[in-house]
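Coordinate-derived values only; no laboratory data. Just so it is clear, the model here is predicted, and its values are computed rather than measured. No Cβ is skipped: glycine too gets one built from the backbone with ideal geometry, and neighbour counts run over all protein chains shown.
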Amino acid sequence: MKLNGWHGVRRQARVRTTVADPAAVRAPDLVDRQFRVDAPNRLLVADFTYVKLVDGRFAYVAFVIDAYAGAIIGWEASMSKHTSFVEAAIRQAVALRQRQGHSVAGAVHHSDAGSQYTAVRFGETLVLSGLRPSIGTVGDAYDNALAETTIGLFKTECVRADSPFRRGPLRNVSDVEHITADWVGWFNNDRLMHRLGRVPPVEAEAAYYAAQRSNETVGTQ
């Protein structure tokens, strides 16, 4: 890197986006910082972040990530951080898995203790989707480390001013949606993940399902 004059991108400190509601009844922490699972659709983690626009306003992007290979299976951008926008990300994730022929029923949905994720309406969305709620402690990023890491990559790789996904100034939520869609597509299908043996998340999931089908075939012989 030194010979080529390259410099690594440093992640900037985050602006706080979620605020805990002290009156809300929180689900227990079913994860306890154990984000490794042996199959897709066992553990989904969620969080959202801000994206600053050129006029000083903020857009918000929510993500739902399957912990098995780190694939982003749902996301939503909004100019508001009301509960409905994180609900939309969940519905997208469930719909994607249904189109793929897989079910998330019984999976754990883990998030931080922000008011959006402890809202009664959000809890109802999880129940209707067949998901089990899990919430970490207040103010501890390690309790939702996988989601925090993915958002850190989003801010570093997609949002920064010199990102290859940027098409110019971010003026509105549509601009944010365009770059997020491009980045998520690249992240899932092309980004090499060290913990997966340097293959992308989609390839790791495909290998899992191929192995499952092979085992089922052997079992019926």
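A few comments on the model shown:
- Between the stretch 137-209 and the stretch 37-104, the Cα center-to-center distance that results, in Å: 11 Å
- Residue with peak Gaussian network fluctuation, the chain [Cα springs, cutoff 10 Å], from GLY56, GLY152, GLY136: GLY56
- Global geometry of the stretch 114-221, whether rounded, prolate or oblate, following the gyration tensor of its Cα atoms and the 1.5 cut on a/c: oblate
- Inverse mean reciprocal Cα-Cα distance (Kirkwood Rh) of the stretch 16-170, Å: 15.8 Å
- Sorting LYS52, LYS81 by the number of Cβ atoms found within 10 Å of their own Cβ, with the fewest placed first, yields LYS52, LYS81.
- Taking every DSSP beta bridge that has both ends in the chain, the antiparallel portion is near 70%.
- Ordering GLU203, GLU76, GLU216 by the number of other Cβ atoms within 10 Å of each residue's own Cβ, fewest first, gives GLU216, GLU203, GLU76.
- Using Cβ point charges alone (K and R +1, D and E -1), the dipole size of the chain about the Cα centre works out to roughly 520 debye.
- Excluding same-chain neighbours fewer than eight residues apart, the aspartates and glutamates reachable from LYS155 by a Cα-Cα span under 14 Å are ASP47, GLU177, ASP182.
- Taking 0.36 nm per residue of sequence separation and removing the Cα-Cα distance, the GLU157/SER80 pair yields an extension gain of 25.4 nm.
- Residue order, fewest to most surrounding Cβ atoms within 10 angstrom, among SER78, SER134: SER78, SER134
- Cα centre as origin, Lys/Arg/Asp/Glu Cβ charges: the stretch 44-151 dipole, Debye: 340 debye
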